[in-house]
Every structure is written in structure tokens, then in C-alpha cells.
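A.B. asks: One structure is given below, represented as C-alpha cells, and several questions about it will come after.
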Amino acid sequence: MSKSHALTNWHPASWHRLPATQQPTYGDAGALERAVASLGRLPPLVVSWEVEALRSKLAQAQRGEQFLLQGGDCAESFDDCESDSIARRLKILLQMSLVLLQGLKKPVIRVGRFAGQYAKPRSTDTETRGGVTLPCYRGDNVNRPGFTAEEREPDPELLLRGYERASLTLNFVRALIDGGFADLHHPEYWDLRFMRHAPLRDAYQKIVDSIAESLDFFESMSGQRVHAATRGDFYTSHEGLHLLSEQAQTRYIERQKKWYNLSTHMPWIGMRTAQLGGAHVEYFRGIANPIGVKVGAAMSAEWLQELIAVLNPQNQPGRLTLIHRFGINDVEQKLPDMIRAVRETGSPVLWVCDPMHGNTETTAGGIKTRRFDNILGEVEAAFRIHEESGSLLGGVHIELTGDDVTECIGGARGLAEADLARAYKTQVDPRLNAEQALELAMRIARRAGTNRRISKV
Ligand code: PEP
Ligand code: CO
């Protein structure tokens, strides 16, 4: 590996000398400076040993010993920082992980797209409606979604409000998990009131019954209770987009002799900010967290190889998770070349499929949506292509909510285009509702079970 990629000339602000895309333009430089300085003095949201624990689990996932379930909102909203909404999001992730655990027969690493997913990249800087042009909405950390000049003005104070909400969310998630919410004996696992589709509910019931039976068997044999989850079993992630705020939460940990982004366990670089020679890649190369990189159809094999060289020069296990999001139409053609290209680098990576972002479409009525069949189709294609290429799909990355929204078309209850208007709530991208999300997990688990039976035959 070339020496230029070693961690030289890096510090948390070294990205300032490079072009930074997708950053808001603030009107009041003084207010921005003050907000970022306050953020820099506040305590971290996560600690380095949690980050290191996650990295070692991701290293296991790279070897096929664990599976990553990463999911949550496209854009979290400050308004959704309330107890029911947080508990529902946590619950659907836990239920999905239970189904995957049973189907894949391996531990599932649970990473929420939450407690900080407040900044969004946009394809244009401005939005025009009825002849009026205003800055785009860039997430609750930056401005507000309403279409008025006042609401769209980037406001530095929102960075502090975002930090507070991330910390309130994380505090509640940690308390729920400490209180037994993620324990296999907890009734939340079995509560399926939101499932209106009876065959799915029955199928889920069968899965939990079989787990309960094994659990009973083990516990009566061993005389011990199984505690399947502790607070360390839930992690957070968000797109590391707003560089001033990410920098403010970057701390040197003397004991580890490393810099960490302590606003989240696992930040990722989005598709729109993965330029070589860009500020985001510069920032990410210096932090010790495990990091995700979104890989889309516009990325070439050479680009990805160079990113790996810059971001993981020591070929450290667990460091890199590649989240491919090609879409059902491009996955067959693009993925095999990318797998080959990555193998040539010698870096271990965790391959994860994001079947959401390559499958976004707009209906004739102008509503952004995604089809359940395309989402499932891409995940299934990804499992198969990795297998055929001698590689391994080690996780999925899903946009979902615990609520009964109507944003994606399809699924067992057959949501149609005409249903979208009923409960379309997302601020940015369409999410699977709880029922669709659990159905997706069940379809993945069932596929794994079938494959196991075939390979035994
Ligand atoms: C996202 O994950 O919400 C996102 C914007 O994804 P991507 O960078 O892959 O487009
Ligand atoms: Co999104």
C-alpha cells in the first residue's frame, strides 16, 4: 500500500483544505462558530470501547459469523423524538433481528439509523414551487421542512437541538435495553398487534414459538436464564455528512491513542460525498470508528479500490462496510465487477445490501415511492450474486419505521399506488412500514432456510 495513505497530515480539521460538497450555506458565520464550539464542549454520545466492540463484531460478520441489520428512518425528525415512536422503531428492529437470527442461524448485529440521522444530502441546492425558489430542506439539523424563506434558512442552533435529541433518543434506547426490552423473554417481542395480515402473523408466531421452545429447553437443562441482549447489543449510525458537527464530536482517546467520532458508533459516507480528494473522505480516513461506504451504480471499480486504499490502508478487519445500493436494474451487471475489484485490494470488507436507494421511483402523481417486490428482488439477487462470486452478503441496510405508514407499494397487504396518500409521512425517502419490514426479514430468513436444506441434500 502506498505510503501516502498512511495516517499522516491528518487532524479533525484537515478536511477544510479540500472541497466539501453538500454543506449548507449559513448566513451568520459568528452564530455558526459559536454553535460548533458549544458542540465541541459537550460530552460524547458514545464511548470508544463500544465503538471497538462493534468493530470486532463487524470483523466477525466479515467472516460470515454474524449478520448486520442496519435500519431506521431516511431522515429522523425532531418531532419524532418521543417515547412511542422511539420504542416502535426499536421494537421493529428487534423483531426483525429475531427472525433473522432464527433463519440465518447466526447472531445479528443491530445498528439503528438513529440518534443522529438528521442531515441529508440533496440532488439540488434549491427547490422551486409556484415560481418561488428557496434552499432545499437538508434535514432537521440544518433547516426546517416547511416551504417558507424563514424555515428554509439554515440555522446553526439546530446543530445543538440535534445533539440534544440524539442524546435523548440514545438515553431512552439504552434505558429500554437495560430494562429488558431486548431480552428474549420480554413480551414486546411477541406483540404483533400491528400485523393486520393474518398469514404473516401466523408465520411470525411460528418463529417465536420455536425460539421460545428452544429457550425453555436450554433453560431447563442448564438451570440458567438466557440473556440474549445487553445494552452493548445495540448500536447507532448516521450519515457523516455535516462535517463541522462531525468534527466537533471527534475526540482523541488517550488510552486507545486514536481519534474517534463519538457522536455515533458507525458513521457512513453517502453516495454523494464519496469523491476521492474530497473533504468527507479526508475526514473519515482519520477516525477509528468502523465506517460504512455507500456504493452505487455511478461508482467505478477503480474509484472503489482507491477509496479502500485511503480508508483502510492497514487492511484492518471490521473497519469497512460496503453498502451497495445499485437497484434491481443494475445489481446483476454492477455487483460482480465490484466484488472482483474489492477482492484485488486484499482488504477485508463487510458487504451489505441497501435495497432502498437504487429503487426509488416517482409515481405519475409525483409521489416518491419504492416497490416491495423490487426491494426484496434486489436483496435476493444480492445474496445469489455474492454466493456465485465466492463472496458473502453479510447484512442489509433498510429504511423503515415502526409506524403504519403508506410510503412503499406492495407487500403482503398489497399497498397500491392509490393507498400512498393515506399515511405518507416521510420528510425525504419512502420507508417500509413495520409490517413490510418484518415481512422482508421473514422472506430473507425463509430463503436462508431453504438454501440450507438444499445444500444438505
Ligand atoms: C441515505 O442513506 O438516506 C442516502 C441518501 O443514501 P445514498 O447516499 O446511498 O444515496
Ligand atoms: Co434515504
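A.B. asks: What ³J(HN,Hα) values, in whole Hz, does the Karplus curve 6.51 cos²θ - 1.76 cosθ + 1.60 give for the range 128-136 when θ = phi - 60°, with x put for Gly and Pro?
C.D. replies: 10, 9, x, x, 9, 10, 9, x, 5
A.B. asks: Work out from phi, with θ = phi - 60° and the Karplus expression 6.51 cos²θ - 1.76 cosθ + 1.60, the ³J(HN,Hα) of each residue of the range 359-371, listed in order in whole Hz, and give x for Gly and Pro.
C.D. replies: With coefficients 6.51, -1.76 and 1.60, one gets 10, 7, 9, 10, 6, 4, x, x, 9, 6, 8, 9, 9 Hz.
A.B. asks: Treating only the Cβ atoms of Lys and Arg (+1) and Asp and Glu (-1) as charged, compute the dipole magnitude of the chain about its Cα centre; round to the nearest 20 debye.
C.D. replies: Dipole of the chain, to the nearest 20 debye: 1120 debye.
A.B. asks: While we're looking at this one, here's another question. Can you tell me which of 11-18, 269-276 comes out highest on packing, and rank the rest after it, using the mean Cβ neighbours within 10 Å?
C.D. replies: Result, highest mean Cβ count within 10 Å first: 269-276, 11-18.
A.B. asks: State the percentage of accessible surface on the chain attributable to carbon and sulfur atoms; use a 1.4 Å probe and exclude ligands, DNA and RNA.
C.D. replies: That share works out to 51 percent.
A.B. asks: Lysine pairs in the chain 8 or more apart or on different chains: how many have alpha carbons under 20 angstrom apart?
C.D. replies: Lysine pairs meeting the criterion: 17.
A.B. asks: Using the beta-carbon distance between Ala37 and Asn9 and R0 = 30 Å, what value does 1/(1 + (r/R0)^6) give for FRET efficiency, to the nearest 0.05?
C.D. replies: FRET efficiency, Ala37 to Asn9: 0.80.
A.B. asks: Related question: Would you grab the residues whose amide H sits under 5 Å from the one on Glu153? Only those 5+ places off in sequence or on another chain, please, with H modelled 1.01 Å from N.
C.D. replies: Residues meeting the criterion, in which the H sits 1.01 Å from N, are Arg144.
A.B. asks: Heavy-atom accessible area per residue, the chain, 1.4 Å probe: how many Å²?
C.D. replies: Dividing the accessible area of the chain by its residue count gives 41 Å².
A.B. asks: Where does the charge balance sit around Gln62 when Lys and Arg score +1, Asp and Glu -1, over other residues with C-beta under 12 Å from its C-beta?
C.D. replies: +3
A.B. asks: For Ala175 and Val47, what is the calculated FRET efficiency with R₀ set at 22 Å and r taken between the beta-carbons, to the nearest 0.05?
C.D. replies: 0.85
A.B. asks: Let me ask another. Would you work out which of Phe78, Leu104, Val51 lies farthest towards the positive end of the dipole of the range 33-135? Charges go on Cβ: Lys and Arg +1, Asp and Glu -1.
C.D. replies: Leu104
A.B. asks: Starting from the Cα of Glu164, move 7 Å in the Cα-to-Cβ direction to define the label point; list residues of the range 113-129 whose amide nitrogen is under 20 Å from there.
C.D. replies: 115-119
A.B. asks: Report the extension gain between Glu65 and Thr450 in nm, rounded to one decimal, defined as 0.36 nm multiplied by the number of residues separating them, less their alpha carbon distance.
C.D. replies: Once the chain is fully extended between Glu65 and Thr450, it gains 136.7 nm.
A.B. asks: Let me ask something else about it. Take the Cα of Ser214, step 7 Å along the line toward its Cβ, and report every residue of the range 101-124 whose backbone nitrogen sits under 20 Å from that point.
C.D. replies: 101-111
A.B. asks: Which listed residue (Val36, Leu7, Ala418) has the Cα farthest towards the positive end of the charge dipole for the chain, taking +1 on Lys and Arg C-beta and -1 on Asp and Glu C-beta about the Cα centre?
C.D. replies: Leu7
A.B. asks: Please report how far the C-alpha centroid of the range 30-64 lies from that of the range 278-320, rounded to the nearest whole angstrom.
C.D. replies: 17
A.B. asks: Shape verdict for the range 82-121, please, from the Cα gyration tensor: rounded (a/c under 1.5), prolate (a/b greater than b/c) or oblate.
C.D. replies: oblate
A.B. asks: Also: If you take every DSSP beta bridge whose two residues both sit in the chain, what share of them, in percent to the nearest 5, is antiparallel?
C.D. replies: Here the antiparallel bridges make up roughly 30 percent for the chain.
A.B. asks: I would also like to ask the following. Applying the Karplus parametrisation 6.51 cos²θ - 1.76 cosθ + 1.60 with θ = phi - 60° to the phi angles of the range 116-121, what ³J(HN,Hα) value in whole Hz is obtained for each residue in order, glycine and proline being reported as x?
C.D. replies: x, 8, 10, 10, 10, x
A.B. asks: Per DSSP H run of at least 4 residues, take -39500 (n - 2.57); add these up for the chain, divide by its residues and hand me the 222 nm value, nearest 500 deg cm²/dmol.
C.D. replies: -13000 deg cm²/dmol
A.B. asks: Go through Gly277, Asn141, Gly402 and say which Cα lies farthest out towards the positive end of the charge dipole of the chain; charges sit on Cβ, +1 for Lys and Arg, -1 for Asp and Glu.
C.D. replies: Farthest towards the positive end: Gly277.
A.B. asks: According to a simple spin-label model (label point 7 Å from Cα along Cα-to-Cβ), what is the distance in nm between Lys206 and Ser222?
C.D. replies: Taking the two extended label points, one gets 2.7 nm.
A.B. asks: Using modelled amide H (1.01 Å from N, peptide plane; none on Pro or chain starts), what sits under 5 Å from the amide H of Leu400, excluding residues fewer than 5 places away?
C.D. replies: So Leu400 has HN proximity to Gly72, Asp73, Cys74, Leu432.
A.B. asks: Measuring from label point to label point, each 7 Å out along Cα→Cβ, what is the Lys105 to Thr133 span in nm?
C.D. replies: 6.0
A.B. asks: So who's got an amide H within less than 5 Å of the one on Gly395, skipping anything under 5 residues away but keeping other chains? H placed 1.01 Å off N, in plane.
C.D. replies: Excluding prolines and chain starts, which carry no amide H, the hits are Leu68, Cys353.
The values are calculated or read from the model by the stated rules, or taken from the named source; none is laboratory data. As the structure is a computational prediction, the values presented were derived from the model and not from experiment. Because the Cβ atoms are built from the backbone with ideal geometry, glycine has one as well, and the counts that use them run over all protein chains shown. For the accessible areas, the whole protein counts, side chains as well, though only heavy atoms, and no ligand, DNA or RNA atoms are used. Shrake-Rupley method; radii C 1.70, N 1.55, O 1.52, S 1.80 Å.
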